[in-house]
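*Asks:* Below are the structure tokens for one structure; questions will follow.
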Amino acid sequence: MRAATAAKEQPEHPFEEARRIMKDIEDELVCPEALSAEHGDVEHLIQDKVMELQRALFQAHLDVRTAKEREVEVEGADGMARTQVRESERTLETVFGEVEVARRLYQAPGVEGLAPMDATLNLPPEHYSHGIRRFVAEECARSSFDQVVEQLAKRTGAHVPKRQVEELAVRAAQDFDAFYTERTCEVEPTADLLILSFDGKGIAMRHEDLRPETRKAAEANARRLHTRLTPGEKPNRKRMATVATIYTLAPWPRTLADVLHTLRDASTEDDRPKPVGKRVWASLEHSPQRVIDDAFADGLRRDPERRRRWVVLVDGQRDQIRRVQRAARKAKVEVTIVLDIMHVLEYLWRAAYAFHKPGTEAAQTWVRHRLLALLQGRSGGTVAKSIRQMAARRNLDAESSKAVKECTRYLVKRTRLLHYDRALSAGLPIATGVIEGACRYLVEDRMGRTGARWSLAGAEAILRLRALHTSGDFDAYWTFHLAKERQRTHLDRYAHGSPPNAAISGAGTIFAPVPEATITCVLSIMHTPQAPPK
């Protein structure tokens, strides 16, 4: 039935190498040099030797698994039985160093071979273990790829080149969308506000990964100087990432005096309710509409009966508002759209400098009066009319006139979103501080480093990994990701999605027992504080 295979010989002492290393550690710790060394030198000695010991223990464990592997019937997902069996080996780079995995490979003419022991061990398809992949996924979220390579060499026994680090990061983030789509999210037992907010943040990209219109503009606008841009030139090297956030917030009714006091004294913000269940993310790959639709889908998982009040904070960008309205209709949910007060203030300050010198008390008073009118419920059109009348009485230069026109146009076209008196009495937020902060720490702090030029796949992966960490979902995601990896790499390749179990359990020990004192000493050293992957 099967081709004959040489019987595997069970190792008499599979942990012999680990024992030898343990004995070497004991000898070095009691040698004259160690007994006169500083404690830091002893720490360094133990760290180096324990990594070697851990690799030997892992290798011995794999050797035991190899010795206990039994022959099984193997049928692939293609319905073809693999009846030819041969011994095979593969290497695996782990956090302790490289080990060898010996196992049986089942083959048939014209089809790929299958190794059931790989499925039992849930080995990755590439050279690097899940431990290394998690290390890379966590470190890449906060450090450059070069720094991750350096940290891997310092803190583990692994050696991973920079290109492979980037590839592992991309692979680690591939189940991000599926995780949030498929995860079971409990309905939030609250009547508090459900807040959504969106913004955009540019990321410097490699030329080939720019959006088509930006790439064409970059190619059409030839640089006149190689060292810097000349006046009027645009770099055309950034691609906009759509940033999104969703969270729960208790209503916080305020008066006009409360708002003005908060603007003067930021310490009073400590009294405001804190966001709960906050999730933030960003995407270069997906369209802005897709990101906004995903946020509404997340909201429906939290509030499927649509009983809570949904509030969307926007910066006034008209395309963004239309996308929010489109997503709300699709989700069949009523939303209250609030224009960020800080963006309104930016336009008011620009207009103020058309009438008063920057940094003067007069400019501050001018802005305060217009802001007060808006907070009291005056319409944007009314405030804009008063600003135009003031400009008509002044002989403004072109730059000042432009600032006034931009401010009044902004207020008029968004007057339906400026009912701040109603928002304050209902306890709604009127500022987009959460999404502005997300643009900074989720995107800019990692992606905006000087000189960085990102590939689309690499940037999207880092944004996803940073989002998982920031939202507190990384541990749950990693469990989900490994399950998906097992499905893709192993289960889908076997008939009925079920690889046979080639391991023999309960077969008793096949090697001489390790003395209890040695075990205690090994465990003690292995728990010596070092720098394991976070």
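The values are calculated or read from the model by the stated rules, or taken from the named source; none is laboratory data. All values derive from a computational prediction rather than experimental measurement. Reconstructed Cβ throughout: ideal geometry from the backbone, glycine too, with neighbour counts over all protein chains shown. We work out accessible area using only protein heavy atoms, side chains counted, and drop any ligands, DNA or RNA first. Shrake-Rupley method; radii C 1.70, N 1.55, O 1.52, S 1.80 Å.
*Asks:* May I ask you to evaluate 6.51 cos²θ - 1.76 cosθ + 1.60, the Karplus curve with θ = phi - 60°, for each residue of region 95-100 and list the ³J(HN,Hα) values in order in whole Hz, giving x for glycine and proline?
*Replies:* 5, 9, x, 7, 10, 10
*Asks:* Also, quick follow-up: Of the listed values [x] 24.0; [y] 36.4; [z] 25.7, identify the label whose number matches mean projected area of the Cα convex hull in nm² calculated from this model.
*Replies:* Comparing each candidate, only [y] matches the computed number.
*Asks:* Taking all protein chains in place and a 1.4 Å probe, what share, in percent, of the accessible surface of the chain do carbon and sulfur account for?
*Replies:* 51
*Asks:* Also, I was wondering about something else. How about region 83-143: which GluC sites (Glu not before Pro) there are in a DSSP loop, with at most 16 other Cβ atoms within 10 Å of their Cβ?
*Replies:* Loop-located and lightly packed - Glu112, Glu126.
*Asks:* Another question, then. Pairs on different chains or at least eight residues apart, Cα atoms closer than 25 Å: how many lysine pairs in region 290-442 fit?
*Replies:* Here the count comes out as 9.
*Asks:* So if R0 is 60 Å, what FRET efficiency would Lys216 and Glu33 give, r being the distance between their Cβ atoms, rounded to the nearest 0.05? Don't skip to the end; give the middle numbers.
*Replies:* Details: r = 68 Å, r/R0 = 1.13.
With R0 = 60 Å, the Cβ-Cβ based efficiency is 0.30.
*Asks:* Next question, about the same structure. What percentage of all Cα-Cα pairs in region 259-370 are separated by more than 25 Å?
*Replies:* 42
*Asks:* Also, quick follow-up: For the Cα atoms of the chain, what angle does the longest principal axis make with the long axis of helix 39-68, in degrees from 0 to 90, nearest 10?
*Replies:* The two axes meet at around 60 degrees.
*Asks:* Starting at the first residue of region 328-337, write each ³J(HN,Hα) from the Karplus equation 6.51 cos²θ - 1.76 cosθ + 1.60 with θ = phi - 60°, in whole Hz, x for Gly and Pro.
*Replies:* 5, 5, 4, 7, 6, 10, 8, 10, 9, 9
*Asks:* What is the antiparallel percent of DSSP beta bridges lying wholly in the chain, to the nearest 5? Display every interim value, and only then the final one.
*Replies:* Numbers: 33 of 44 bridges.
Among the beta bridges of the chain, antiparallel pairing accounts for roughly 75 percent.
*Asks:* Compare the peptides 321-333, 157-169 by average per-residue count of other Cβ atoms within 10 angstrom and give them in order, highest first. Present the calculation step by step, with values, prior to reporting the outcome.
*Replies:* On the way: 321-333: 16.2, 157-169: 17.7.
Ranked from most to least packed, the peptides come out as 157-169, 321-333.
*Asks:* Another question, if that's okay. Based on the mean of other beta carbon atoms within 10 Å per residue, what is the order of 390-399, 434-443, most packed first?
*Replies:* 434-443, 390-399
*Asks:* Averaged per residue, what accessible surface does the chain expose to a 1.4 Å probe, in Å²?
*Replies:* 52
*Asks:* For region 427-505, what's the radius of gyration and Dmax over Cα atoms, in angstrom?
*Replies:* Just the Cα atoms of region 427-505 yield Rg and Dmax of 19.9, 64 Å.
*Asks:* Starting from the Cα of Lys162, draw a straight line to each of the aspartates and glutamates and keep only those under 16 Å, dropping any in the same chain fewer than 8 residues away.
*Replies:* Glu93, Glu126, Glu138, Glu139, Asp146, Glu150
*Asks:* Another question about this same structure. Going highest first, how would you order 381-387, 470-476, 279-285 by mean Cβ packing within 10 Å?
*Replies:* 279-285, 381-387, 470-476
*Asks:* Counting just the Cα atoms, what span does region 391-464 cover along each of its three principal axes? Round to the nearest Å and put the largest first.
*Replies:* Computed over the Cα atoms, the extents are 54, 41, 17 Å.
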